[in-house]
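The values are calculated or read from the model by the stated rules, or taken from the named source; none is laboratory data. As the structure is a computational prediction, the values presented were derived from the model and not from experiment. Virtual Cβ from ideal backbone geometry, glycine too; neighbours counted across all protein chains shown. With ligands, DNA and RNA removed, areas are computed over all heavy atoms of the protein, side chains included. Shrake-Rupley method; radii C 1.70, N 1.55, O 1.52, S 1.80 Å.
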Amino acid sequence: MRKRNIMIIGGGTQTKSLAESLLLKNNNVTVICNDDSLCNRLAEINGLDVIAGDGRQTSVLEDADINRFDIAITMYEHDADNLVVCELAKKVFGVGKTISLVSDVKRKPLFDAMGVDSVICAIDMVSATLEQQTVSDQLNRIVPTADGRVRISEIVVTDNSSIVGRTLAEIDLPSQTIIGCIIRGEDIIIPFGATVILAGDNLLLITSAEKEQAAIKVITGK
């Protein structure tokens, strides 16, 4: 069996043990990590290639020649980071297989629908949900992609939002903005024009950096 080229992107305490395990199975392994302390520890592993950088940036992935890898494994703390990097690896750079951690099991169907080959629900991760009071609370996670030109935000729709009860077609979102997914309780919804927005919906907003604040204002009113 030929050696597989495997790239691990992101990560924390589990990255070192995973890299060592993959090396023992005679794989070529590279890790991209933006934690200097972790990079130093990883660099001590014989046979492991370590790249210091932010794997969420296309320029870093390109410089690492990710297109020559057979498998990309994403190990960021936040699900949105993992999903974005898997999409970049497979659809932009042509990596054959993507594997991702997911901290919220309810999001696994979304990862499956977006073409991630293997989705692993990470136990030992605690996700606390706080009542949304301010715009900063409503933004669970903002992820920069395409070198900062594209933004992916997860926004919780509150009871007093002006878009509650309106269809997607009725919402006057800025140009270069789409609502790509709605997480509603246990359900993952890929919306279309007639989809009605409800209080408590988690919206996956995809927008240009220039239109981000305007789009957030439409949804939150702030």
Matching residues in region 178-222 - criterion: being of a type in the set (S, T, Y), out of contact with any Pro (no Cβ under 9 Å at 6 or more places or on another chain) and more than 17 Å from T167 (Cβ to Cβ): T220
When residues of region 16-41 are filtered for being touching a helix residue (DSSP H, G or I) at 6+ places or on another chain (Cβ under 7 Å), among the charged types (D, E, K, R) and farther than 20 Å from K3 by Cα, how many remain? 1
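Pick from K97, K108: which is at pLDDT below 90 and open to solvent by 40 Å² or more (accessible area, probe 1.4 Å)? Can you show your working first?
On the way: K97 fails: at pLDDT below 90.
Testing whether each residue is at pLDDT below 90 and open to solvent by 40 Å² or more (accessible area, probe 1.4 Å) leaves just K108.
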All positions within region 40-54 that are buried (at least 16 other Cβ atoms within 10 Å of the Cβ) and at pLDDT below 90: none
Applying the selection to region 21-34, what residues are open to solvent by less than 70 Å² (accessible area, probe 1.4 Å) and either in contact (Cβ under 8 Å) with a residue 12 or more places away in the chain or basic (K, R) (or both)? L22, L23, N27, N28, V29, T30, V31, I32, C33
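With the structure loaded, tell me whether S118 is touching a Lys or Arg at 6+ places or on another chain (Cβ under 8 Å) and at pLDDT 80 or above or whether it fails that test. Quick ask: steps written out before the conclusion?
On the way: touching a Lys or Arg at 6+ places or on another chain (Cβ under 8 Å): yes; at pLDDT 80 or above: yes.
For S118, the condition - touching a Lys or Arg at 6+ places or on another chain (Cβ under 8 Å) and at pLDDT 80 or above - is met.
Would a scan of region 99-111 turn up a residue that is assigned to a loop (DSSP other than H, G, I, E, B) and more than 14 Å from the chain's Cα centre (by Cα)? Even if it seems obvious, please write down each step before you answer.
We begin by selecting, within region 99-111, every residue assigned to a loop (DSSP other than H, G, I, E, B); these are 103-104.
Then keep just the ones that are more than 14 Å from the chain's Cα centre (by Cα); that gives none.
Within region 99-111, none of the residues are assigned to a loop (DSSP other than H, G, I, E, B) and more than 14 Å from the chain's Cα centre (by Cα).
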Condition set modelled with pLDDT under 90 and closer than 18 Å to D79 by Cα, scope region 11-33, selection nearest to the chain's Cα centre (by Cα): answer is G11
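I'd like the residue in region 179-222 that is of a type in the set (D, E) and either touching a residue at least 12 places away in the same chain (Cβ under 8 Å) or assigned to a helix (DSSP H, G or I) (or both) and, out of all such residues, is surrounded by the fewest Cβ atoms within 10 Å (Cβ to Cβ). Talk me through it step by step, then tell me what you get.
Here is the first cut: in region 179-222, the residues of a type in the set (D, E) are 186-187, 201, 210, 212.
From the residues that got through so far, the ones that are either touching a residue at least 12 places away in the same chain (Cβ under 8 Å) or assigned to a helix (DSSP H, G or I) (or both) too are 186, 201, 210, 212.
Details: E186: 8, D201: 24, E210: 12, E212: 22.
The extreme case among them is E186.
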